[in-house]
Amino acid sequence: MDSRTAAHVLSEIAAFLAFRADNRFKARAYRNAAKAVLALNSEDLTPLYRSGELAAVRGLGKATLGVLADLIENGESTYLEQLRQQVPEGVMDLLRVPGLTPVRIQQIHEALGVQTVDELEAAARDGRLAKVRGFGEKTAASLVDAIEFMHQTSALTLYPRAAVEAARLLDAARRHPDVIRAAIAGSVRRHNEVARNIDIVAGVGAAADPASVAATFARAPGVANASVDGGSATIRYVDGTVLQLRCVRDDVFPVALWRATGSGAHVEQMTAALASRGFSIDDDQVRETHGERVPIADEPALYSLLGLACVPPEMREGTGELAAAAGTLPRLVTASDVRGVLHCHSTYSDGHATIAELADAARSYGWTYIGISDHSQSAFYAGGMRADDVARQHDEIDALNATLTGFRVLKGIEADILANGHLDYDDDTLDRFDYVIGSIHSRFRMTESQMTTRILTALDDPRLTILGHPTGRLLLTREPYPMDMEAVLQKAAETGIALELNADPKRLDLDWRYCRRAKELGIPIEIGPDAHSTRGLDCVHVGVGIARKGWLEASDILNARSADDVLAFATARRERAYERWGGRMVQRSTPPDTDADIPF
């Protein structure tokens, strides 16, 4: 029994338990066990089980070990089969519909007998679902949209999961006795926000046959089905992961890696440029006009045939990078350029770490500051802070800063942008913060005109420093809300607002394409982890990858500046707005409204 198959069984059990609302904690235990087993990356768990090493793996308990023992001894899980008998066939697929909880699924099933996604869509379209208590026409219409979105994105995976999976498969490739070297390619190497497949290129020794090596991976444990064509294999594993494996002779490895890395547009443009210089690429070999082979030692050597600097993998999207490589490529930002973070939530709202714990974790990253930006009062669903909470938090930060050397905690807030474009809290309260992140967390279904006006109104507030997760998207779950993005970018440039690149892997918002436009307009970008725990701070690394895709340099990143410079930026933003309004600080003539709806 291999790690992947065993982890898949544990994950299936977790899904069935999650469907039964009374087993929420038990479901979490099985999910954690699945991660622990998958991390073992073993083709056969039997020796680990016999020796007792499996029982010592952190994350495995008596119940999950019992399931693994059943799998190892009998090849199947009796417990999983029992759970399958308790839930109508097909109902579990409904959990994949964004926004549909187990409670609502049970409600729909009991009322309409619906047990498949297709049946749910039919009920939502023909009016039956709208008549079920607690639903209605708007909810039914939203579910139709959610199902269509699910169909479009069901084969995609968020970057962090794809990256972990790619590293695991890369390790397996490198352990093959005939593989000299191997590397991750494709969308994971380009640091795309989502990935459809895992691409790996393997260079094999001169005595080995690439096709035979590829075939051994297709026969490996945990493979559901595979197709092999020469040295190329498409392998689908039992858990749905798809590996695109390209095995080549090691002497053509650099060209094969380049071809498997770049987007179709990048490869096509590069191939055409090489042809214009008298070079062609044939079966991962570069040849001159008369057929002579041109040895390529590495990827920079390939670009040098065109007199170009080597384009970083993140930029290989066919969007002007070759022209840039003919001149001066940007010096892309790195994680070491980040000097602090500004978007973090503590236990004062919906975070799971204290301010002191977050500060200690931030120092371990080598940063010199952290900004605490808990939710504001209108975010009642996230424990938003009331005025007395703000006072207590600021006193705590002052006391903590008094004990720190070479590090400081900044006083921030993630203030809700209300439906009328006003920031949550009154002006006096907002003035107490070092900086203000303004974000939309509710009423996403405004028209494009309404949403654009809402955001532009917020950008006029002199107290706003950063526009948080500007488009509101949740990758693979929710589309961006409708808005005139160019108008927002122009206004941000005019008013001196920074835009956030929210590094939460489910958001990665601002999209990297808009990051390039922001750079053109001179708009600073803040890479915010949106951390709700100390582990959440690590999201900065994912955000840096997206910033690199957006051609951003350290000079473009707000939190690549010192704490003093960040504070100076916030102050200058307020003064600039003050000057724009003829030397007077505009006070809002109407009190903030209250957004009463909980965000979908």
Can you find a residue that is free of Cβ contacts under 8 Å to residues at least 40 places away in the same chain and either among the β-branched types (Val, Ile, Thr) or not assigned by TED's automatic domain parsing to the domain that holds ASP564 (or both) anywhere in region 456-477? yes
Please list, ordered by first then second residue, the pairs with beta carbon atoms under 7 Å, 6 or more apart or interchain, first in region 220-234 and in a strand (DSSP E or B), second of a type in the set (Val, Ile, Thr). VAL223/ILE235; ALA224/VAL238; ALA226/THR234; ALA226/ILE235; SER227/THR234; THR234/VAL242
Against the definition (crowded, with 21+ Cβ neighbours inside 10 Å, in contact (Cβ under 8 Å) with a residue 24 or more places away in the chain and within 20 Å of ALA226 (Cα to Cα)), how does GLU165 come out, yes or no? yes
Which members of region 544-570 meet the condition of being among the acidic types (Asp, Glu) and within 21 Å of PRO313 (Cα to Cα)? GLU553, ASP556
Being in a strand (DSSP E or B) and not aliphatic (A, V, I, L, M): is that true of GLY371 here? yes
Scanning region 64-77 for residues that are assigned to a helix (DSSP H, G or I) and over 32 Å from the mean Cα position of the chain (by Cα), which turns out nearest to GLU12 (Cα to Cα)? LEU71
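Counting only residues that are in a loop (DSSP other than H, G, I, E, B), of a type in the set (Asp, Glu) and exposed (fewer than 15 other Cβ atoms within 10 Å of the Cβ), how many does region 273-317 have?
3
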Pick out the one residue from LEU45, LEU80, LEU54 that is more than 25 Å from LEU169 (Cα to Cα), outside the structural domain of ARG168 (by TED's automatic domain parsing), under 33 Å from the mean Cα position of the chain (by Cα) and not hydroxyl-bearing (Ser, Thr, Tyr). LEU80
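Per-residue answers, yes or no, for (1) more than 25 Å from ASP424 (Cβ to Cβ); (2) modelled with pLDDT of 95 or more:
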| site | (1), (2) |
| --- | --- |
| LEU464 | no, yes |
| LEU475 | yes, no |
| ALA503 | no, yes |
| ARG516 | yes, yes |
| LYS519 | yes, yes |
| VAL542 | yes, yes |
| ARG548 | yes, yes |
Among the residues that make up region 347-362, is at least one of them in a loop (DSSP other than H, G, I, E, B), in contact with a Leu (Cβ under 6 Å, 6 or more places away or on another chain) and buried (at least 19 other Cβ atoms within 10 Å of the Cβ)? no
Quick one: in region 545-569, of everything that is farther than 15 Å from TYR514 by Cα and hydrophobic (A, V, I, L, M, F, W, C), which residue is farthest from the chain's Cα centre (by Cα)? ALA568
Just give me the residues in region 1-48 being of a type outside the set (A, V, I, L, M) and not in a helix (DSSP H, G or I), in sequence order. ASP2, ARG20, ASN41, SER42, GLU43, ASP44
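Within region 437-462, can you find the residues that are closer than 24 Å to LYS411 by Cβ and in contact with a Lys or Arg (Cβ under 7 Å, 6 or more places away or on another chain)? So that I can check it myself, show each step before the final result.
Within region 437-462, the subset closer than 24 Å to LYS411 by Cβ is 437-441, 458-462.
Across region 437-462, the qualifying residues are LEU459, PRO462.
The values are calculated or read from the model by the stated rules, or taken from the named source; none is laboratory data. Every value quoted in this text rests on a predicted model; they were computed, and no experiment measured them. Cβ: placed from backbone, ideal geometry, glycine included. Neighbour counts: every protein chain shown.
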